[in-house]
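Everything below concerns the one structure shown next.
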Amino acid sequence: MTEAPESAGPRARRAPGTPCWVSLMAHRLADTERFYGELFGWEFRPGPQQLGPYVRALLDGEEVAGIGQLPPDHRLPVAWTPYLASDDVDATAHQVRLCGGTVAVGPLDAAEAGRMAIASDPAGAVFGIWQGSAHFGASIGGVPGTPAWNELLTFETASVAKFYEAVFGYEEEPALAAGPDHVTLRVADRPVAVVHGVGRGLRRDGGPHWLTYFEVADADATVRQVAALGGRVVDGVHDDEHGRIATVADPEGAVFSVIQNPH
């Protein structure tokens, strides 16, 4: 992790590969809205319904994330999914397949908002692809309750990083020779995500997956509130060079991290 994403107006276009949206598919939409509304102060309004009931989360009137409801007969994992910007979703989806990934949903139109697809890399980590029209992803950042960063936790970085570089044109920042297995992905010389190779350190119930960080004003208080609202703590609050961090899960098991940036 190096820096939070830049804020952008609702009509701003992001460079291909830039994380531009984050979305959660849950089984109990109303309960999930209540959890995140209490935790982050989000309000909700209806969004595109192509994949079923879906709401956009707003903070101070600005869109920050989306939450959809899984069909009752689907037993897909409940997880936060980052969407990566594309100028042409269909071409990007084709490149995903050519590079050994899988396209599970789409490409399809999301009403007036744009065009999207949901894919997975060769190791199985799920991500979205987003091509915006009038609206292009989150329009606010850098304040509590907004997405701050995305990390990919996978078995090893060498082949997985090359997949994302081939699909999205990322530049790779090599890891230190004596350091852990990690790679920073950059767009126009700006860090946008990190790939961590953790081998057998992956959660048995998780497998390779993307992890979204949300900014908070007080990490300790947020973790206590997660527990009070029916969630659980996955990795307790601790400090590193980026701030005060914890990893938690909502009542349905969707894992995410929170970060309190140093001031």
query = Quick one: length gained pulling A158 to E62 fully straight, 0.36 nm per residue minus the C-alpha distance?
reply = 30.8 nm
task = Measure of size requested: the Rg and Dmax of the chain, with Cα atoms as the atom set and Å as the unit; please supply both.
result = 17.1, 49
note = Ignoring trypsin sites (Lys or Arg not before Pro) buried by more than 16 other Cβ within 10 Å or outside DSSP loops, the longest site-free run in the chain is 76-202
query = Mean separation of Cα pairs under 8 Å and 6+ residues apart, divided by the residue count of the chain: what relative contact order is that in percent?
reply = 19 percent
task = Give, as a single signed number, the net charge of other residues whose beta carbon lies under 15 Å from the beta carbon of E43, with Lys and Arg counted +1 and Asp and Glu -1.
result = -2
key: Label point at D220 placed 7 Å out along Cα→Cβ; residues across the range 236-251 whose backbone nitrogen lies under 14 Å   = 237-239, 244-246
task = Name the longest site-free stretch of the chain, where the excluded sites are GluC sites (Glu not before Pro) in a DSSP loop with no more than 12 other beta-carbon atoms within 10 Å.
result = 113-240
inquiry  = How far apart, in nanometres, would the label points at D189 and D109 be if each is projected 7 angstrom from Cα along the Cα-to-Cβ direction?
reply    = 4.0 nm
task = Quote to one decimal, in nm, the extra length available between A166 and E38 on full extension: 0.36 nm per residue of separation minus the C-alpha distance between them.
result = 42.1 nm
query = Taking amide hydrogens as modeled 1.01 Å from N in the peptide plane, which residues meet the under 5 Å criterion relative to G114, leaving out close sequence neighbours?
reply = S133
query = If amide H atoms are built 1.01 Å from N in the plane of the peptide, which residues on other chains or at least 5 residues away come under 5 Å of the amide H of L211?
reply = E151, L152, L153
remark   = Ratio for the range 153-263, C-alpha Rg to 2.2 N^0.38 Å, reads 1.17
query = Volume per residue, Å³, of the convex hull around the alpha-carbon atoms of the range 19-132?
reply = 103 Å³
Per-residue ³J(HN,Hα) for the range 82-88, Karplus 6.51 cos²θ - 1.76 cosθ + 1.60, θ = phi - 60°, Hz, x for Gly and Pro = x, 10, 9, 5, 9, 7, 8
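Each value in this text was obtained by applying a stated rule to the coordinates, not by laboratory testing. As the structure is a prediction and not an experimental result, all values here were calculated from the model. Neighbour counts run over all protein chains shown; Cβ positions are idealised from the backbone, glycine included.
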